[in-house]
Structures are given as structure tokens and as C-alpha cells.
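Worksheet for the structure shown next.
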Amino acid sequence: MFKTIVQRFFQMVAVMIIVTMLVFAMTYFISNPVYLLLPQTATEAQIAQAEAELGLDKPLFVQYGIFLKNALRGDFGNSYFYNRSALSVILEKMPATLELVLVTMILTVLIGIPLGVFAGARPNKLSSKLTMAGSIFGVSLPSFWVGMIMIYVFSLMLGWTPVSGRGELGSILGIRTSLATADGWRHLILPAITLALSNVASIIRLTRAGTQEQMRQDYIKFARSKGVGTRQVLFGHALKNTLIPVVTILGLQLGDLIAFTTITETIFAWPGMGKMALDAISSNDRPIISAYLLMVSAMFIFINFVVDVLYTLIDPRVSLGGE
Amino acid sequence: MANSLKKQWDSLKGSQFYAHYRRSPVALLSSALLLIILFLAVFGPLFTPQNPFDLSSLDLSNAYLPPYPREGSDPAFFMGTDQQGRDIFSAIVYGSRTSLYIGVVGVLLCSALGIFLGVLAGYYGGWLDSLIMRLADIQLSFPSILIAMFLMSALGRGVGNVLIALMLVGWVKFARTVRGETLSVRKMEYVDAARVIGLPSHRIILRYILPNVMTSIIVLATMQVGTFILIEATLSFLGLGVPVTEPSLGMLCSDGFKVMFGGLWWVSVFPGLYIVVIVFAINLLGDFLRDELNPKLK
């Protein structure tokens, strides 16, 4: 057990190194930032000087070495746009994104798992079939469009929620978050629902498949013949065994959620790191782009690692070692 | 040639798959929807009131028309017009051509790459297998939409670039599935037999391996067309997809978003709804195919 975890850990480090190379290559090929920083009338000498200041005149592998060394110290350079350390910009924007992701996750679990269990328990009922069709419909929705419709219906037509932005902040346990105020929640709820929609759809499918499989097992028949109530059979017995793959997928979906915050945050003008990343792409802010990519990659890779390790802990039948 | 096609058609008609297809209302409905969508994309420009991307055919006096039954609308522009006098229905028809083109061609490209790498990995094994599969593992830990976004920011806008980005994003799923199935087919006795009589590897792959992995590929490819159409729309919505000169449903939505706050909801609602209809129809068909052809792929 310990050996596989160590093995997996080194694998994680190796992947991270490859990712730094890819991120470096990618940001390198995004057009030269010098032209954005200097006025159009800049002379050749001024361009060369600016390139030298940014270290863009050095050979590629030297640039990569510098990039890696600085990245390890958390130094990605100053954002061209905010004119301060890219990492500090990201860290400042991160709480807004994390609170959005947290609420989305809670919504996903509260809606997705019960619906999936019911659909799986009675696969031939009309309500179950409608749930399944609904989940296919859910994954067919472009999330940017859902966000727009939400704003139009709930903010513009009904006037229930604010159009955009993050609401008033309060503090819970010393953390500044909009989850502490009513105004904050009113701002948060639409983007969270938008983000949750396609997630809920896939959790429903997965929970249903798992429940369906469990319902055929002998221990369920035994519990039933013993006279255990339906609710207890479904949520006390079947769900427990369905939960392993569901928890895994929930973990992996965190990555997808963080990716989709870029779109949702842009539509709702939510001041998180997703919107920041898209803004950085359009303003060609290389330090921010590379810091964001590395930060998010590290998160994804770490989540994958944790999910894998948890998997072996929860389910002793799974072994990560051999293939 | 025609004779063998006829034979294949007859055997398809006699199959259980065909019987199930004919009896499934969902499969029939989604096929019908897809046929209509395809028909509109191919022949639609013949009966749309204007070419919305030819600036000379636009007339500013038609601007801001609401959709048909509303007051002040024009039945010729039944989905309304935008601030430039562009007919939304025409724009949708033209935009759907781009969506379908990118979805289908993108899947053809990425399935070709994925099948090639998957067969290589599964059939030959060894270091090639480890290399390809490790690469796939790494890529799979990143959401496709994020990879596509950053690739497009590096490549720049353009239909060709969107196709490249989709190919690089989508090959993994195909490679993984094909590798897995190749591994199990390779152990079959008929493959051993083919090897014993001295058939070269490429013939074994083409004649015995590929036909056996085809059903999974068809299921995956169908689902992937829907995914790709969504990704293209999202990229174009964000200004990272096709260039402004190309018609695109995603870009229409983003144009519409700007004027939505002024009450012009139809400019963004109808194009988005059309994306939903296309992708929903494809996904329903894909779901049916998966249940029929390869329930393992869930």
C-alpha cells in the first residue's frame, strides 16, 4: 500500500514536470508580448531593449530553466496588466472561484445523487425515463447560453437576482466570503446553478447505473425479504456501494468545474480566477496565463492523486501497482 | 459492387439492431431531427431571405425587428433581426453549416489519429504502448474545454485551427477505447491463425482488428460530434474560435448577449436554442447506439 502511494507520488511529480514544459511552450508561442507593451512607434532598439528586460532574447532552453526556477519559488513575473506579481493576483482571485465551485458541488450532490438513486431503483417508470432524457438534455446545453438565459429570466424579467458581479462580503472563521451575506448568496446562486447543470446530469447517470447494478444483488433481496423499508434499502444499503465510483467522478469533476468557471465567471462578471484567465488570454498577459495554467494543473494532478489513493483506501480490491 | 452493397443492406435490415431502431421512438425522432437540420444546412441558403454575412444584403431599416407574432414584426424575418438588420433565421442556417462542418470533420480527424495511435499501442505493445498511454493519461487529467481554449489562444482564430485544437483534444478517448479492444481481439484464435499463415501485420489490423473495434468507434464518434459542436460554439462565443468573417452560432450568441440587456433577447436565444436542438438530437442518437451496440462504453 505504502509502496504504491510513493510510486504514484513520483509519477505525479514527473507529470508535473512535463506539464511545466507544455505550459512554457504554449505561452512561448502566444505572440510576443513586447508589441503589446510598447507603443506602435517603438524603434527596433526599444523593442530589443524591452525583449532583453523580459529575458526574451535568451535561448529557449535557458528561458525554460529560468521559468522553471522562478515557478518553483512561486515567481511568475509581474502581470503586464495589473503590474504586480501574477501569483498574488491569482491568490487574490481564487477565493471567489472556490466559493462558487463549493456551492456548485453541494448542489450537484444534493440534486444528482437522490435523482440518480430513484431513477436506478425503478428504471422502467416514466419518471425515471424522463430523468434520463433530462440528463442527456443537460449535457447538451452550452453553458454560456444557460448563463445568458438565467440572467435574462431571473435578473432582467423577474428581477429576483442581481445581473452580475459578486455581492457583499462577510467573514466566516476569518475568511472573507460572499457566503456570509444574503446579498452574496443572491449574486452567487445563478452562476452556481449554471455551473451545476451539466455536472448534475453526469452524476445522475452514474448513480443510476450503480444503483441498477446493486438492486440486482442478493443482499438487497435479503434486506427486502427481511422487511426493510424501500427508503432504507435504497439509501442505507444500495447507495453505500454505489458511492465509490460516484465519489471518484465527483473528485474528477472538480477539474471540469474549474475549467468551466472561466465561461460562467465571464458571463456573470464574477471576479474570480476563471474570468481573470480569459481576460489574460485576450490581453495576452503571459505571466498570468502561465501562472494560472500551472496552478490549475497542479490542482488537477493533485486531485487525481488524492482520488487514486482514496480509491485504494475505500476499496481494497483496487490495486494501482500492476497493470 | 452494387450487389454486395445490396447484400449488406439486406443483412442490416434483417438485424436485431434494425428491428430495435424501428421500434424506438427516441431513435426515430432524433434521426428525423438530424435529417431536418442537415437539410436546412445544405439547402437552407436557397430559401433564407438574405445572406447574413454579405454586408450588402443587409438593410438597416430592418434592424431591431422582434420575432413574428409580436407587434411590429415582419413575417419574412420570423425570428426577428439584430441591430444591423440581420435576419436571425438566416444567420442560424449559415451558422449551423459551420457547426456541423467542424463537428463532423473534427471527429473524422481526431478519430483517425486516435484509431491509429490506439491500434499501434494495442497491437505492438511495449514502450510505444506505455508512451502513448502515459500521454493519454496526462491529457485526460485536464478538461478538454480548457485545453482547447489555451490551444486556440496560442494558434489564433480560424476554422483550420479549431479543427487542429479539436483533434488534439479528442484523440485520447478514441485511442484508449481502440487500444483496449485491440488488446482483447489480438488474443483471439483467428488472429493467431492469420499470423500463422503469414499475413503481414497491416493486413491483420485492417481485416481482423479494425472491423471488430468499429462498433465502439461509431458510438464514440457520434457522441463526440455533439461535444465538438459545443466546444466550437463555446470557443467562438469567447472570441477564440472561428474568425468574425465566418458564420457561427456561438458568435451569434455573443453578439446577442451584448444587446440582451436592451431587451433584444431573440438575437441570442434562438441561435443557442438551435445548438441545443442539434446537440440533443446527436446525443439521443448516440445514447441509443451505445445501448444497442456497446453497453460497456457507459
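The values are calculated or read from the model by the stated rules, or taken from the named source; none is laboratory data. In this text, all values refer to a predicted model and were calculated from it rather than measured experimentally. Positions of Cβ are generated from backbone atoms using ideal geometry, with glycine treated the same way; all protein chains shown enter the neighbour counts. Note: areas computed on protein heavy atoms with side chains; ligands, DNA, RNA excluded. Shrake-Rupley method; radii C 1.70, N 1.55, O 1.52, S 1.80 Å.
Quick notes
- For A:Phe67, net neighbour charge (Lys/Arg +1, Asp/Glu -1) across residues whose Cβ lies under 14 Å away: +3
- Accessible area (Å², per residue) of chain A, counting only protein heavy atoms and a probe of 1.4 Å: 50 Å²
- Stretching the chain fully between A:Ala48 and A:Phe9 yields a gain of 9.8 nm (0.36 nm per residue, less the alpha carbon separation).
- Proximal aspartates and glutamates relative to A:Lys3, as straight alpha-carbon distance under 16 Å, when same-chain residues fewer than 8 apart are discounted: A:Asp308, A:Glu323
- Cα-centre dipole for the stretch A:89-314 with unit charges at Cβ (Lys and Arg positive, Asp and Glu negative), debye to 20: 1100 debye
- Shape category assigned to the protein assembly as shown from the gyration tensor of Cα positions, a/c cut at 1.5: rounded
- Entries of A:Lys129/A:Lys240; A:Lys129/A:Lys221; A:Lys93/B:Lys173; B:Lys13/B:Lys173 with Cα pairs more than 28 Å apart: A:Lys93/B:Lys173; B:Lys13/B:Lys173
- Projecting label points 7 angstrom from Cα along Cα→Cβ for A:Thr230 and A:Leu72 puts them 6.1 nm apart.
- Chain A, relative contact order in percent, only Cα pairs under 8 angstrom and at least six apart counted: 26 percent
- Dipole magnitude for the protein assembly as shown: computed about the Cα centre from +1 point charges on Lys and Arg Cβ and -1 point charges on Asp and Glu Cβ, it is near 2540 debye.
- Projecting the Cα atoms of B:His202, B:Met79, B:Ile275 onto the charge dipole of chain B, computed from C-beta unit charges around the Cα centre, puts B:His202 farthest toward the positive end.
- Nearest-ten-degree value, helix A:273-283 long axis tilted from longest Cα axis of chain A: 40 degrees
- A cut-off under 13 angstrom between Cβ atoms defines the neighbours of B:Pro52, and their net charge, with Lys, Arg +1 and Asp, Glu -1, is -4.
- Charging the Cβ of each Asp and Glu at -1 and of each Lys and Arg at +1, and nothing else, the dipole of the stretch A:145-256 about its Cα centre rounds to 520 debye.
- Relative contact order of chain B, pairs being alpha-carbon contacts under 8 Å that are 6 or more residues apart, as %: 21 percent
- Proximal aspartates and glutamates relative to B:Lys258, as straight alpha-carbon distance under 12 Å, when same-chain residues fewer than 8 apart are discounted: B:Asp82
- Cα gyration tensor category, rounded, prolate or oblate, for the stretch A:146-204 with a/c compared to 1.5: oblate
- Farthest positive-ward along the stretch A:89-314 dipole, Cα basis, beta-carbon charges - from A:Ala277, A:Ser128, A:Val307: A:Ser128
- A:Leu107 sits with roughly 40 Å² accessible to a 1.4 Å probe, with DNA, RNA and ligands left out of the calculation.
- Applying 1/(1 + (r/R0)^6) with R0 = 22 Å to the Cβ-Cβ distance of A:Lys129 and A:Gln217 gives a FRET efficiency near 0.45.
- For the stretch A:93-129 and the stretch A:219-294, distance of Cα centres in Å: 9 Å
- With a Förster radius of 41 Å applied to the beta-carbon distance between A:Asn83 and A:Ile189, the computed FRET efficiency rounds to 0.75.
- Positive-end residue of A:Ser143, B:Trp265, B:Thr227, charge dipole of the protein assembly as shown with Cβ unit charges: B:Thr227
- Heavy atoms of chains A and B lose about 3500 Å² of accessible surface on contact, summed over both sides with a 1.4 Å probe.
- Estimated FRET transfer efficiency when R0 is 56 angstrom, pair A:Leu91-B:Arg23 (beta carbons, to 0.05): 0.45
- Straight-distance candidates among the lysines for linking to A:Lys58, with alpha-carbon spacing under 26 Å and chain neighbours fewer than 8 residues away dropped: A:Lys69.
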